[in-house]
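None of the figures in this text is laboratory data; all of them are computed from the coordinates on show. Model, not experiment: these values are computed from the prediction. So basically every Cβ, Gly included, is an ideal-geometry build from the backbone, and we count neighbours across all protein chains shown.
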Amino acid sequence: MVRIAAARVYKQHGSQLVLNNVSVELHSASRLGIVGRNGAGKSTLLRILAGLDAADSGGLTSDPPSLEVGLLAQEHDALPQETVMSYLWRRTGLGTVAARMDALEDRIQGDLTAIEPLTETVERFRALGGGDLEARAAEVCDSLRLPADLDFEMSALSGGQRARAALASMLLARFDVILLDEPTNDLDFEGLAQLEDWIGGLKGGVAVVSHDRYFLDRMVEDILELDEHSHTATAFAGGFTDYREAAELRRAPAAPGSRPLRIGTRPAATAHPEAEKLGGERGAPGSALRRTRQEHPFRQDSGRAEPRLEGELAGATPRPTRDCGEAVGGLGPRPRDRAGKAQRRHRRAPRRRGSEKG
């Protein structure tokens, strides 16, 4: 069942185009990774899905309309004089709900029309885990080796402790759909394991922006790539490795006489057997994402061996590209070819006529 869907979203920041005709759907069991270079619009898309920013055009729907969507964004600085407990109230979305509940309780003394909105707010507070937040926070923070005193100011924590406090806010959150923006930043191996266990146990949909390719391979089942030039989106089935292989195959010129192959969805039974391997086994027809057919420029990166192909696909020659720096997903640049230089450096110089023997 589709829980939240954005259709043909267009967004500009001033004169800068950020998102161009982007569509995405999140189901109750979706595990979606969003990748792209910095500035491609990944965080903006998350904010639109969370209802924090409005698109210039396009639609956003949720089912049910009361669906709780939580965005746990990158956050390096807490508010001035904010305590750990206050930080957790705010990051889990419960701080705003609790403030509204207090205001309605004061208002109800002389205005009986506040009874219905107060009842709805109390139900939301309970659904988000407000009733036992402080007890759960003490347990989670203890497991993360944070100070037992949750009234300790965030500004006094070390960088590693602030990263664990951000992780605690994720572990305590209770949303129907979770949107995560670079959740693995600054986490140690223990914290990363706890994050992955938490995501694995969630019943609602998850969309995550991350440059950690290994985290994406373990945790997501679909990839949405945002292109930095066209600002359009292309969907791929599978984790990061599946996405990268499919993207490389998409841009490679087809071998003469080979059969056309659609990349990004599971191939039909009649497709080439090697294509079935590259299509990814985790994707399925009617996947959680709306596949777009629009082509886009995609820079080639390296750091991994090229996929080994046989049969008709073995004749596909990668398109020559230039060294383009950091690639999508945080991959490094293609190393320069130093073999040619070594050969030229050791090439024998031509003899002069005067030095030739008899």
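Residues with beta-carbon under 12 Å from that of Arg136, excluding Arg136: net charge, scoring Lys, Arg +1 and Asp, Glu -1?
Local net charge: -3.
Give, as ranges by residue number, the residues of segment 72-103 whose backbone N falls under 17 Å from the point 7 Å along Cα→Cβ of Leu202.
So the set is 72-75, 91-94.
Quick check for you: which residues of segment 50-80 have the amide N under 20 Å from the point 7 Å beyond the Cα of Ser155 toward its beta carbon?
75-80
Hey, rough spin-label estimate for Glu82 and Ser143, points 7 angstrom out along Cα→Cβ, what's it come to in nanometres?
2.3 nm
For segment 91-237, just say rounded, prolate or oblate: build the C-alpha gyration tensor, square-root its eigenvalues into a ≥ b ≥ c, call rounded for a/c under 1.5, and beyond that prolate if a/b exceeds b/c, oblate if not.
Oblate, because a/c is 1.5 or more while a/b does not exceed b/c.
Fewest Cβ neighbours within 10 Å first, please rank Arg174, Arg90 accordingly.
Numbers: Arg174 19, Arg90 16.
With the fewest neighbours first, Arg174, Arg90 line up as Arg90, Arg174.
Mind listing the long-range amide H neighbours of Thr83? Cut-off is under 5 Å, sequence gap 5 or more, other chains count too, H placed in the peptide plane at 1.01 Å from N.
Those lying under 5 Å, H to H, from Thr83 are Met154.
Which residues does a label at Ala98 reach in segment 154-196, if reach means a backbone N under 17 Å from a point 7 Å past the Cα toward the Cβ?
154, 166, 168-175
For a footprinting-style exposure proxy, rank Phe175, Phe189 by other Cβ within 10 Å, fewest first.
Values: Phe175 22, Phe189 7.
Going from sparsest to densest Cβ surroundings: Phe189, Phe175.
Please report Thr83, Thr96 as a ranked list, fewest other C-beta atoms within 10 angstrom at the top and most at the bottom.
Going from least to most buried by this count: Thr96, Thr83.
Given R₀ = 30 Å, what would the calculated FRET efficiency be for Glu190 paired with His13, taking r from the Cβ atoms and rounding to 0.05? It would help to have the intermediate numbers written out before the result.
Values: r = 38 Å, r/R0 = 1.26.
With R0 = 30 Å, the Cβ-Cβ based efficiency is 0.20.
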